[in-house]
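The values are calculated or read from the model by the stated rules, or taken from the named source; none is laboratory data. No experiment lies behind these values; they were computed from the predicted model shown. Counting neighbours? That spans all protein chains shown, and the Cβs are built from the backbone with ideal geometry, glycine included.
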Amino acid sequence: MIEILREGAFKMNILVTGGAGYIGSHTCLALLEAGHTVIVADNLCNSSIETIDKVKQISNKDVAFNQVDVTVEADVDSIFDNNTIDGIIHFAGLKSIGDSVEKPLAYYYNNLVSTMVLAKACQKYGIKRFVFSSSATVYGENEVPFIETMKLLPTTNPYGETKVMGERILTDIAKVNPDFSVALLRYFNPVGAHKSGLIGEAPNGIPNNLMPYVAQVAKGKLEKLRIFGNDYPTVDGTGVRDYIHVCDLAEGHVKALDHLTEGLHIYNLGTGYGTSVLQLVKAFEEANGIDVPYEIVDRRPGDIAGCYADTSKAKRDLGWTAKRDIIDMCRDAWHFEKGYQG
């Protein structure tokens, strides 16, 4: 039975796929802090079971963990057969833009099959709530700021295409199942870490994302930062992105879940302003009092010049806005990296 929580929200049992990953683990923590129960499914291909232990430590609550691949229908069925589940937040997927250009088949298979398997499970087991981890990449090279009503343009990489296709799959299912509630969350560039310093972005191998790369350079683990291109039509020639603190992003997922009603809902989760790569590097140096050596290299295939969000819809419908600024993001990322032993 679903219990009533604060502000009219309901206590629910939520399956979080990819829950041991960067955004997934912070969202698990936000769900637990909001009073929900969490069941995690993760194959640990780019994450660690230790992250789940840290979530338990921070929250002082239990998390049911299942090491499964959600592209495998039988494994997903086993989770539903052994747990009462009220909704799904689907993070599991491959996520590197550059890697997707080199390995398109792996991205199309993993990201699309997992979404279809989970959507099928929702129909089979009567699950009515589905929150999908989408991305600002679905907008392609559109005019900024990106707004949810824009026509989606072809993206510049297979990763972005998998997000567009995932959205279309869920949109079509919602059209013919009017009691199926779907939130497509198009978020921008998550950075930072939990204030405890216990969980943060800890990719296996050399990071694909900017902030962990900056942090590892600052730590001396990597020699210098490579900045891909300085000839974009931006404030300083480097790429501009809407960086959002991962804890703000996690709280946005809880808000979307709590406010989810029948039908299809699309929200941007960002700060509403852009920061260039060089501006982020300078903010990191300012926040932490440490130098970050860098070099300019050629543009990376699949990148666009800039993007940032129009966040008015999330503020209006969900009562959600990002609260933490770029200095908070840089400070928390470094706090995590200094203590990380990986």
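Rundown of residues vs (1) in a loop (DSSP other than H, G, I, E, B); (2) buried (at least 16 other Cβ atoms within 10 Å of the Cβ), yes/no style:
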residue: A287; (1), (2): no, yes
residue: P301; (1), (2): yes, no
residue: I304; (1), (2): yes, yes
residue: R324; (1), (2): yes, yes
residue: R331; (1), (2): no, yes
residue: K338; (1), (2): no, no
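Any chance the range 18-27 includes a residue that's among the polar types (S, T, N, Q) and surrounded by fewer than 21 Cβ atoms within 10 Å (Cβ to Cβ)? No, there is no match, as no residue in the range 18-27 is among the polar types (S, T, N, Q) and surrounded by fewer than 21 Cβ atoms within 10 Å (Cβ to Cβ).
Residues S114, S133: which one is hydroxyl-bearing (S, T, Y), at pLDDT 95 or above, part of a strand (DSSP E or B) and more than 14 Å from N13 (Cα to Cα)?
Values: S114 fails: part of a strand (DSSP E or B).
S133 is the lone residue from the list that is hydroxyl-bearing (S, T, Y), at pLDDT 95 or above, part of a strand (DSSP E or B) and more than 14 Å from N13 (Cα to Cα).
Evaluation of I4 against the conditions (1) at pLDDT 95 or above; (2) over 19 Å from C247 (Cβ atoms) shows that the sole unmet condition is (1).
Would you call T234 within 27 Å of G98 (Cα to Cα), of a type in the set (S, T, Y), surrounded by fewer than 20 Cβ atoms within 10 Å (Cβ to Cβ) and over 19 Å from the mean Cα position of the chain (by Cα)?
Values: within 27 Å of G98 (Cα to Cα): yes; of a type in the set (S, T, Y): yes; surrounded by fewer than 20 Cβ atoms within 10 Å (Cβ to Cβ): yes; over 19 Å from the mean Cα position of the chain (by Cα): yes.
So T234 passes the test.
Output the number of residues of the range 313-342 satisfying the condition of being over 19 Å from the mean Cα position of the chain (by Cα), over 18 Å from P203 (Cβ atoms) and touching a residue at least 40 places away in the same chain (Cβ under 8 Å). Within the range 313-342, residues that are over 19 Å from the mean Cα position of the chain (by Cα), over 18 Å from P203 (Cβ atoms) and touching a residue at least 40 places away in the same chain (Cβ under 8 Å) number 4.
For the range 112-160, how many residues are polar (S, T, N, Q), under 16 Å from V16 (Cα atoms) and touching a Leu at 6+ places or on another chain (Cβ under 6 Å)? Full working, then the answer.
Applying the first criterion (polar (S, T, N, Q)) to the range 112-160 yields 114-115, 123, 133-135, 137, 142, 149, 155-157.
Pick out the ones that are also under 16 Å from V16 (Cα atoms) and you get 114-115, 133-134.
Still in the list and also touching a Leu at 6+ places or on another chain (Cβ under 6 Å): 134.
Number satisfying all stated conditions: 1.
Mind counting the residues in the range 43-95 that are of a type in the set (S, T, Y), at pLDDT 95 or above and either under 16 Å from C28 (Cα atoms) or touching a His at 6+ places or on another chain (Cβ under 7 Å) (or both)?
Of the range 43-95, the ones of a type in the set (S, T, Y) are 47-48, 51, 59, 71, 78, 84.
Then keep just the ones that are at pLDDT 95 or above; that gives 51, 59, 71, 78, 84.
Keeping just the survivors that are either under 16 Å from C28 (Cα atoms) or touching a His at 6+ places or on another chain (Cβ under 7 Å) (or both) gives 51, 59.
Qualifying residue count for the region: 2.
Pairs are defined by a Cβ separation below 7 Å, a sequence spacing of at least 6 or placement on different chains, a first member in the range 208-225 that is over 19 Å from P190 (Cβ atoms), and a second member that is outside any loop (DSSP other than H, G, I, E, B) and of a type in the set (S, T, Y); the pairs so defined are L222/Y213; K224/Y294. Residue count for the range 200-259, restricted to those that are closer than 17 Å to D328 by Cβ and assigned to a helix (DSSP H, G or I): 13. Among the residues of the range 147-184, those that are in a helix (DSSP H, G or I), of a type outside the set (D, E) and out of contact with any strand residue (DSSP E or B) (no Cβ under 7 Å at 6 or more places or on another chain) comprise P158, Y159, T162, V164, M165, R168, I169, I173, K175, V176. Going residue by residue through the range 308-319, is there one that turns out to be farther than 24 Å from V101 by Cβ and hydroxyl-bearing (S, T, Y)? Yes, the range 308-319 contains a residue that is farther than 24 Å from V101 by Cβ and hydroxyl-bearing (S, T, Y). Looking across I290, I304, I296, one residue alone is under 30 Å from A256 (Cα atoms) and touching a residue at least 12 places away in the same chain (Cβ under 8 Å). It is I304. Of all residues in the range 239-275, exactly one satisfies the criterion of being over 27 Å from I169 (Cα atoms), in contact with a Ser or Thr (Cβ under 6 Å, 6 or more places away or on another chain) and surrounded by fewer than 23 Cβ atoms within 10 Å (Cβ to Cβ), namely G272.
Under 26 Å from G200 (Cα atoms) and part of a loop (DSSP other than H, G, I, E, B): which single residue out of T27, T84, T51, T71 fits that description?
Details: T27 fails: part of a loop (DSSP other than H, G, I, E, B); T84 fails: under 26 Å from G200 (Cα atoms); T51 fails: part of a loop (DSSP other than H, G, I, E, B).
Matching residue, one of T27, T84, T51, T71: T71.
Scanning the range 87-111 for residues that are in a helix (DSSP H, G or I) and charged (D, E, K, R), we see that the one that is nearest to the chain's Cα centre (by Cα) is D99. Over 30 Å from V16 (Cα atoms) and in contact with a Ser or Thr (Cβ under 6 Å, 6 or more places away or on another chain), is that true of N230? Judged against the criteria, N230 is a match.
Could you tell me whether K56 is in contact with a Leu (Cβ under 7 Å, 6 or more places away or on another chain) and farther than 30 Å from I304 by Cβ?
On the way: in contact with a Leu (Cβ under 7 Å, 6 or more places away or on another chain): no; farther than 30 Å from I304 by Cβ: yes.
When the stated conditions are applied, K56 does not pass them.
Would you confirm whether or not the range 277-287 contains a residue that is touching a strand residue (DSSP E or B) at 6+ places or on another chain (Cβ under 6 Å) and closer than 17 Å to G192 by Cα? Yes: one or more hits. Just a yes or no: is a residue in the range 125-142 in contact with an Asp or Glu (Cβ under 7 Å, 6 or more places away or on another chain) and either surrounded by fewer than 22 Cβ atoms within 10 Å (Cβ to Cβ) or more than 25 Å from R241 (Cβ to Cβ) (or both)? Yes, the range 125-142 has at least one match.
Would it be correct to say that G98 is modelled with pLDDT under 95 and touching a Lys or Arg at 6+ places or on another chain (Cβ under 8 Å)?
On the way: modelled with pLDDT under 95: yes; touching a Lys or Arg at 6+ places or on another chain (Cβ under 8 Å): yes.
So G98 passes the test.
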